[in-house]
Amino acid sequence: MRAERATSTGTRPLRSGRLKGKVAIVTGAGSRGPGLGNGKAAAILFAREGAQVLCVDRVIERAEETCAMILSEDGEASPLQADVSRSSDCERMISAVSERYGRLDILHNNVGIESRKGLLETSEEEWDQVLAVDLKSMFLAAQAAIPRLVEAGGGSIINVSSVAALRAHGRTAYAAAKAGVIGLTISLAGQLAKDRIRVNCIAPGFVYTPMVAEGMSAELRERRRLAAPIQDEGTAWDVAWAAVYLASDESRWVTGQVLAVDGGLTITSR
Ligand SMILES: NC(=O)c1ccc[n+]([C@@H]2O[C@H](COP(=O)([O-])OP(=O)(O)OC[C@H]3O[C@@H](n4cnc5c(N)ncnc54)[C@H](O)[C@@H]3O)[C@@H](O)[C@H]2O)c1
């Protein structure tokens, strides 16, 4: 197999086998629109690095699209329809990974929906929905995955938060859920270290993905690009490379951490 150099865009297959022999679940492995979401990019890079990947999405066609991309590169992946905000679906997801691949090493809790509303505009229904998908799903998926991770002799759980949890961006329910993801990460890291299960968190900055592209003006896109000290637009590949590191044994001594992948946004004083 030809070894190729990593690029920031991730467009060239890299096959250095950093995840060889591992089995991963990626939740929200599809993208809600044309282009590349964080889950889709992570699933592709995990497979390029040698993992077998269960691509989970509420919308099966989205998971299937990601799998098709992986299979076209000779990677190993299969799709599963599941709504990870429901405990029964999380249990089914873990049964599926055991049946199809016989083990579990990596749980990438990527799923998330956005709410851009401020305090007074956020309804109770929207609050409940965002908290269920963005936070409760990670608790339920981790709970269901633990027996399989313990069986594997340890593993890695990666939870996707957001810089919205760390900065005042005015998105009430989303910020609260994403801050909860950080608390959950630290709590689980402390509880699970004895089982060699590491739990870390990625806080992406202003990444241009289908989730945020919907209805975004060219002017706002440019303002987002210029907001961080590194004035390149962040992509799903940037977030996915962080996930590869946290999923691999290279991070074997790293747990309970929040890795901001944000072009330096969170170090600014604005
Ligand atoms: N794009 C950004 O700027 C940005 C910034 C910070 C954090 N994030 C986070 O990155 C993660 C992925 O975002 P994205 O931009 O790739 O989103 P996306 O909407 O493109 O993809 C998310 C996928 O999750 C699926 N999904 C939604 N609810 C689900 C559920 N209950 N069960 C299973 N699947 C479900 C959707 O069908 C979709 O395919 C989210 O957690 C998001 O909050 C994104």
Checklist entry - Picking from Ile25, Ala227, Ala193, whose Cα lies most toward the positive end of the charge dipole for the chain (charges on Cβ: Lys, Arg +1; Asp, Glu -1)? => result Ala193
Item to check | Residues of the chain: accessible area per residue with a 1.4 Å probe, Å² | outcome: 46 Å²
Checklist entry - When the accessible area of the chain is split by element with a 1.4 Å probe, what percent falls to carbon and sulfur? => result 52 percent
Checklist entry - Taking square-rooted eigenvalues a ≥ b ≥ c of the alpha carbon gyration tensor, is segment 1-155 rounded, prolate or oblate, where a/c under 1.5 means rounded and, failing that, a/b exceeding b/c means prolate? => result oblate
Item to check | Cα point-scatterer Debye curve for segment 161-211, base-10 log of I(q)/I(0) at q = 0.13, 0.20, 0.31, 0.32 Å⁻¹ | outcome: -0.37, -0.71, -1.12, -1.16
Item to check | Protection proxy ranking of 67-80, 133-146, 116-129, 37-50 - average other beta-carbon atoms within 10 Å, highest first | outcome: 37-50, 133-146, 67-80, 116-129
Item to check | Theoretical gain in end-to-end length, Ser88 to Glu233 [0.36 nm per residue, Cα-Cα removed] | outcome: 48.4 nm
Item to check | Close Lys-Lys pairs in the chain, where close means Cα under 27 Å and separation is 8 or more or interchain | outcome: 13
Item to check | Exposure ranking of His108, His169 by accessible area [1.4 Å probe, largest first] | outcome: His169, His108
Item to check | Interchain or long-range residues, amide H under 5 Å from Arg196's placed H | outcome: none
Checklist outcome for this item: With a ≥ b ≥ c from the Cα gyration tensor eigenvalues, square-rooted, and the rule rounded for a/c under 1.5, otherwise prolate when a/b > b/c and oblate otherwise, segment 69-147 is prolate
Checklist entry - How about segment 134-219: which GluC sites (Glu not before Pro) there lie in a loop by DSSP and see at most 16 other Cβ atoms within 10 Å? => result Glu214
Checklist entry - Based on the Cβ-Cβ distance from Arg221 to Leu120, what FRET efficiency comes out when R0 is 25 Å, to the nearest 0.05? => result 0.40
Checklist entry - For Asp249 and Gln143, what is the calculated FRET efficiency with R₀ set at 22 Å and r taken between the beta-carbons, to the nearest 0.05? => result 0.35
Checklist outcome for this item: Computed for segment 6-157: size of charge dipole around the Cα centre, +1 on C-beta of each Lys and Arg, -1 on C-beta of each Asp and Glu, debye to nearest 20, value 640 debye
Item to check | Residue-averaged [θ]222 nm for the chain, counting only DSSP H segments that reach four residues, each worth -39500 (n - 2.57) | outcome: -12500 deg cm²/dmol
Item to check | ³J(HN,Hα), Karplus 6.51/-1.76/1.60, whole Hz, each residue of segment 68-78, x for Gly, Pro | outcome: 4, 5, 5, 5, 5, 9, 6, x, 10, 7, 8
Checklist entry - By the scheme Lys and Arg +1, Asp and Glu -1, what is the net charge of all other residues having a beta-carbon under 11 Å from that of Glu151? => result 0
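The values are calculated or read from the model by the stated rules, or taken from the named source; none is laboratory data. Everything numeric in this text was worked out from a predicted model, so none of it was measured. Glycine also receives a Cβ, built like all others from the backbone with ideal geometry; neighbour counts cover every protein chain displayed. Accessible surface areas use protein heavy atoms only, side chains included; no ligands, DNA or RNA. Shrake-Rupley method; radii C 1.70, N 1.55, O 1.52, S 1.80 Å.
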